[in-house]
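The values are calculated or read from the model by the stated rules, or taken from the named source; none is laboratory data. Everything numeric here is computed off the predicted structure, so don't read it as measured data. Cβ: placed from backbone, ideal geometry, glycine included. Neighbour counts: every protein chain shown.
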Amino acid sequence: MRKAVIFDLDGTLSDSIMSIKNSCDAALVPLGFGPYTVEQYKYFVGDGAANLVKRALKVGGDEQLLHFEEGFRRYREIFADHCMDGVHPYEGIRELLAALKEKGLQIAVLSNKPHQETIRVIETLFGKELFDVIQGQKPDVAIKPSPEGVFLILEQLGILHNAQPSLEEVQGMAEQLLYVGDTGTDMQTGKGAGAFTVGCLWGFRERQELEANHADAIIENPLQLLDYID
């Protein structure tokens, strides 16, 4: 039986696309870029706030990213105040999390969203006691798809003795850990950590992207994850 499940946040646990869109549009429109569509933002997100702003600027024609520093500064300031705007859990997520805890599994979040905003979203939506570890983007930790964040979480959960596992530990990780996300970046992250990777279709990306990044399983609704626990 597996011991833990690590979830991505945006597009996996929570539908947060409007908070991201509204904040980024508010940051960039005064600089002459955007507004962009929801569908565009689904492909801007996933690799951290800096890459979000860079992708938006490039689509708007700023190939040299001459407006990046100002746009990124504005985005961080706006998003810090508006990261919860319109954000809600996907249908079935609360039931899934309750079922996992009832089965005795540890659950954690690893997000490329800034750390403080990640904590705020999780604690607002799910309370302070449900998740065993919450980790967002930190300056001293490589963003996904690096597995570094996964290893740090596993150390905190007591599954690894330290955050620099041996090759043998990584190769045996799929028996202990599920990694759940909605993007190719998530699948790469889980694979890099040796986890059994599960792609979810209710998020921001399509089946083809998950398959291309070698998801071990793809599910259409949250409760299907329980099929991969035992």
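Cβ-Cβ distances below 8 Å connect the following pairs, each with a first residue in region 15-37 that is in contact (Cβ under 8 Å) with a residue 12 or more places away in the chain, a second residue that is surrounded by 20 or more Cβ atoms within 10 Å (Cβ to Cβ) and acidic (Asp, Glu), and a separation of six or more residues or different chains: 16/10; 17/10; 20/10.
Just for region 208-225: of the residues that are free of Cβ contacts under 8 Å to residues at least 40 places away in the same chain and assigned to a loop (DSSP other than H, G, I, E, B), which one is surrounded by the most Cβ atoms within 10 Å (Cβ to Cβ)? Ranking the candidates gives 215 first.
With the structure loaded, tell me whether residue 53 is buried (at least 17 other Cβ atoms within 10 Å of the Cβ), within 30 Å of residue 102 (Cβ to Cβ), modelled with pLDDT of 95 or more and not basic (Lys, Arg) or whether it fails that test. Judged against the criteria, residue 53 is not a match. Within region 161-207, the set of residues being free of Cβ contacts under 8 Å to residues at least 24 places away in the same chain, polar (S, T, N, Q) and crowded, with 17+ Cβ neighbours inside 10 Å comprises 197 only. So residue 146 fits all but one of (1) closer than 18 Å to residue 133 by Cβ; (2) assigned to a helix (DSSP H, G or I); what number is the exception? With respect to (1) closer than 18 Å to residue 133 by Cβ; (2) assigned to a helix (DSSP H, G or I), residue 146 is out only on (2).
In the set 110, 157, 167, 152, only one residue is under 15 Å from residue 193 (Cβ atoms), at pLDDT below 95 and of a type in the set (A, V, I, L, M); that residue is 167. Within region 99-151, the only residue that satisfies the criterion of being surrounded by fewer than 17 Cβ atoms within 10 Å (Cβ to Cβ) and either outside the structural domain of residue 185 (by TED's automatic domain parsing) or under 12 Å from the mean Cα position of the chain (by Cα) (or both) is 115. Of all residues in region 92-118, those that are touching a residue at least 12 places away in the same chain (Cβ under 8 Å) and among the hydroxyl-bearing types (Ser, Thr, Tyr) have Cβ atoms under 7 Å from Cβ atoms of residues that are crowded, with 21+ Cβ neighbours inside 10 Å and assigned to a helix (DSSP H, G or I), 6 or more apart or on another chain, in 111/118.
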